[in-house]
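Here's the structure, in structure tokens; my notes come after.
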Amino acid sequence: MSSSARHRSPYSAGEKLLRIIWSVCSQSLFRWSPRPCWNFRNWLLRVFGARIGSKVHIHNTVRISFPWKLTVGDHTAIGEDALIYNLGPVTIGRYVTISQRSHLCAGTHDYSSREMTLIRAKIQIEDDAWVCADAFVGPHVTICPGAIVAARGVVMHDVPAWTIVRGNPAVFVKPRCMLDQVEFGQIAADPDLREHRDIARE
């Protein structure tokens with residue numbers, strides 16, 4: 001292996017330029033925008049190719065590496081200092097909460113290669129899930145509907161629907177059971193989500 005192969009950039013010239021422009025805008029317009037300016041930040045992310053739903057709250061201290069690889073569903077919130085390192089696509093569903101200082105890491109390296117080849121993985125956080133404060137979600141992970149990753153949990157494998165996991169590595173704690181009389185997100189209206197909830201209760 002040559003040193004040039006190890007240090008060869010995986011990004012095209014166009015992508016490098018776009019990253020520079022986004023870096024400037026994210027550290028100025030995005031970060032300096034007042035806290036209540038949710039719509040402005042959503043608009044700015046859309047300008048850079050993000051797919052952002054309605055009534056989304058993304059705090060001004062959130063760090064997003066590639067807006068054009070981000071999808072966020074309606075009524076979702078992303079808290080202070082969360083890091084979305086989306087080398088690969090990150091998809092966040094409806095009514096999701098990503099709490100402060102959470103880290104979604106959609107990229108890694110092939111450690112079996114001396115070149116440490118970059119791997120652009122994907123992460124999917126499905127509807128009604130909650131990634132709690134300081135949690136880490138690794139590449140290739142799906143957090144299924146209604147699941148909770150407890151504070152400072154480290155998730156390297158998929159989390160089943162309507163379950164709660166915690167720890168490093170994250171392990172199952174118990175099902176997440178909702179009060180039947182409370183409509184949380186879209187559970188009452190969505191038969192697929194009701195099915196996920198009922199399976200978790202069994």
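The values are calculated or read from the model by the stated rules, or taken from the named source; none is laboratory data. In this text the structure is predicted, and so the values were computed from the model without any measurement. Every residue, glycine as well, gets a Cβ built from its backbone with ideal geometry; the counts of neighbours run over all protein chains shown.
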(request) Find all pairs meeting these conditions: Cβ atoms under 7 angstrom apart; at least six residues apart or on different chains; first residue within region 126-148 and of a type in the set (Phe, Trp, Tyr); second residue at pLDDT 95 or above. (result) Trp130/Thr97; Trp130/Ile148; Phe136/His103; Phe136/Cys105; Phe136/Val154; Phe136/Val155
(request) Could you look through region 106-121, keep only residues that are in contact with a Lys or Arg (Cβ under 7 Å, 6 or more places away or on another chain) and not aliphatic (A, V, I, L, M), and pick out the one that is nearest to Arg8 (Cα to Cα)? (result) Glu115
(request) Only residues in region 49-60 that are hydrophobic (A, V, I, L, M, F, W, C) count as the first member; pair them with residues that are crowded, with 18+ Cβ neighbours inside 10 Å and not in a strand (DSSP E or B), Cβ under 6 angstrom, at least 6 apart or cross-chain, and list the lot. (result) Ala50/Pro67; Ile52/Asn42; Ile52/Leu45; Val56/Asn42; Val56/Thr76; Ile58/Arg41
(message) Considering only region 108-127, I want to know if a residue exists there that is among the acidic types (Asp, Glu), more than 19 Å from His57 (Cα to Cα) and touching a helix residue (DSSP H, G or I) at 6+ places or on another chain (Cβ under 8 Å).
(response) yes
(message) Can you report the number of residues in region 118-141 which are under 22 Å from Trp162 (Cβ atoms), hydrophobic (A, V, I, L, M, F, W, C) and assigned to a strand (DSSP E or B)?
(response) 6
(request) Could you tell me whether any residue of region 70-82 is of a type in the set (A, V, I, L, M, F, W, C), surrounded by 15 or more Cβ atoms within 10 Å (Cβ to Cβ), in contact with a helix residue (DSSP H, G or I) (Cβ under 9 Å, 6 or more places away or on another chain) and over 22 Å from Ile119 (Cβ atoms)? (result) yes
(request) Please identify the pairs in which a residue from region 70-83 that is on the phi > 0 side of the Ramachandran plot has its Cβ atom under 8 Å from the Cβ atom of a residue that is aliphatic (A, V, I, L, M) and crowded, with 19+ Cβ neighbours inside 10 Å, counting only partners at least 6 apart or on another chain. (result) His75/Val56; Asp81/Val62
(message) Which count do you get for residues in region 135-153 that are within 18 Å of Tyr85 (Cβ to Cβ) and either polar (S, T, N, Q) or buried (at least 17 other Cβ atoms within 10 Å of the Cβ) (or both)?
(response) 10
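Can you tell which of Arg41, Arg51 is surrounded by 20 or more Cβ atoms within 10 Å (Cβ to Cβ), at pLDDT 95 or above and touching a Ser or Thr at 6+ places or on another chain (Cβ under 8 Å)?
Result: Arg41 is the single residue among Arg41, Arg51 that is surrounded by 20 or more Cβ atoms within 10 Å (Cβ to Cβ), at pLDDT 95 or above and touching a Ser or Thr at 6+ places or on another chain (Cβ under 8 Å).
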(message) Just checking, does region 131-144 include any residue being under 16 Å from Ala77 (Cα atoms) and of a type in the set (Phe, Trp, Tyr)?
(response) no
